[in-house]
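The structure appears below as structure tokens.
The values are calculated or read from the model by the stated rules, or taken from the named source; none is laboratory data. Treat the numbers as computed from the prediction; the structure is a model and nothing was measured. We place every Cβ from the backbone using ideal geometry, glycine too, and count neighbours over all the protein chains shown.
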Amino acid sequence: MKHTTVCWFLIVPLSCLLHPGSARAQRAVDAQIGTWAVEGSADATLYSAALWRSALGPFGYSFRALGLIDRGLEDNSLYGFGPELTLLRGHRDRAGLSAYAAGGVSLAFQSNGSDVSALWSAGLGLELRAPSLFSVTVEARRLVEDTGVNGFWDLREGDRQGWLLALGLSVRWGGGSGSGGAPTDPTRFPADAGAGPSSATQPAVPSVSASGLQREIVETALAAMGEPYRWGGTSTDDGGGFDCSGLVWYAYHSHGVTVPRVSRDQALAGRAISRNVDALAPGDILTFSNRPGVVTHVGLYIGDARFIHATTSGGVRIGALDAPADGNDSWYLSRWVGARRILD
């Protein structure tokens with residue numbers, strides 16, 4: 001029974017974390033040091049390391065190895081490993097401070113080898129993300145040592161519990177969406193942060209050749225040029241901003257035209273248009289993908305092989321469907337998967 005439990009705690013979480021199908025997920029390596037203030041007993045010092053990755057929506061999970069070095073009796077020190085679940089970690093894809101929740105269970109062995117414990121923990125954390133790959137975390141958790149591992153939360157006399165305060169350093173790579181992102185917005189284009197042209201070299205805005213309502217919709221979108229990227233954003237009000245599908249929704253909604261709010265639904269709205277620049281008209285919704293079988297980004301065609309869209313790296317700006325000599329926009333062209341016409 002003990003060997004089966006150890007295999008479950010070790011093999012299953014690691015196989016999920018290292019699965020090749022998760023190549024686009026955010027990942028991080030964490031190192032922590034902290035203190036466990038045990039009630040009615042000597043405190044313990046925490047040393048731990050973990051491999052974390054984003055999962056579905058706002059969730060992520062990790063596999064952690066830890067040591068709790070008892071400052072009183074050496075025989076009470078614990079060494080363990082196990083899975084954890086996080087909520088909202090990695091949601092923010094820019095530098096800054098964000099909060100998240102975390103909890104998990106570890107299988108731990110006493111240093112004298114006499115017993116096996118389950119370490120239950122849950123709490124909150126703050127992550128200060130630098131513009132580089134690094135971030136600093138501070139976590140406060142309730143940590144309980146449960147020596148009755150054959151039962152769920154079967155606390156016994158002598159089981160230890162208290163508050164754990166830990167300081168961590170993380171190195172992050174991959175994703176960018178938050179896919180694990182973030183609740184991760186399915187309309188976001190994870191690789192957009194470094195793939196498109198810089199604001200200094202973005203394509204010029206063409207004259208809009210459409211007439212009537214189509215022209216007004218495009219001009220409304222163009223009036224939002226320079227607005228910041230904001231997940232879930234649909235407004236130019238103070239503190240506002242747009243994500244990619246929010247900009248398309250805003251341009252149409254401002255003129256009383258109903259379109260879906262998110263990119264996966266916008267990719268089915270109206271009628272399909274040939275994926276050919278010559279077939280496009282201003283106001284058409286362009287769909288892009290950097291993952292097979294799913295639309296991950298949208299923009300609004302404005303004419304002359306140009307489109308306006310909201311990007312994580314530069315806010316609302318102009319992109320191009322042609323491939324200029326410098327190659328900056330060939331990234332969008334290679335990921336353009338379709339177009340939808342709302343107005344005829």
Positions within the range 34-76 being over 18 Å from ARG142 (Cα atoms) and not in a strand (DSSP E or B), in sequence order: ALA55, LEU56, GLY57, PRO58, ARG71, GLY72, LEU73, GLU74, ASP75, ASN76
Spans of strands (runs of 3 or more DSSP E) in the range 81-184 with at least 3 residues modelled with pLDDT under 90 and not acidic (Asp, Glu): 96-110, 116-129
Condition broken by ILE69, with the remaining ones in (1) farther than 21 Å from PRO292 by Cα; (2) at pLDDT below 90; (3) not hydroxyl-bearing (Ser, Thr, Tyr) satisfied: (2)
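So, GLY232, is that one crowded, with 20+ Cβ neighbours inside 10 Å and modelled with pLDDT under 90 or not?
No: the conditions fail for GLY232.
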Selection status of ALA269, modelled with pLDDT of 90 or more, aliphatic (A, V, I, L, M), more than 30 Å from the chain's Cα centre (by Cα) and outside any helix (DSSP H, G or I): no
Those residues of the range 68-85 which are within 18 Å of GLY104 (Cβ to Cβ) and surrounded by 17 or more Cβ atoms within 10 Å (Cβ to Cβ), in sequence order: LEU68, LEU78, GLY80, PHE81, GLY82, PRO83, GLU84
The listed residue being farther than 18 Å from GLU219 by Cα and modelled with pLDDT under 90, out of ALA325, ALA305: ALA325
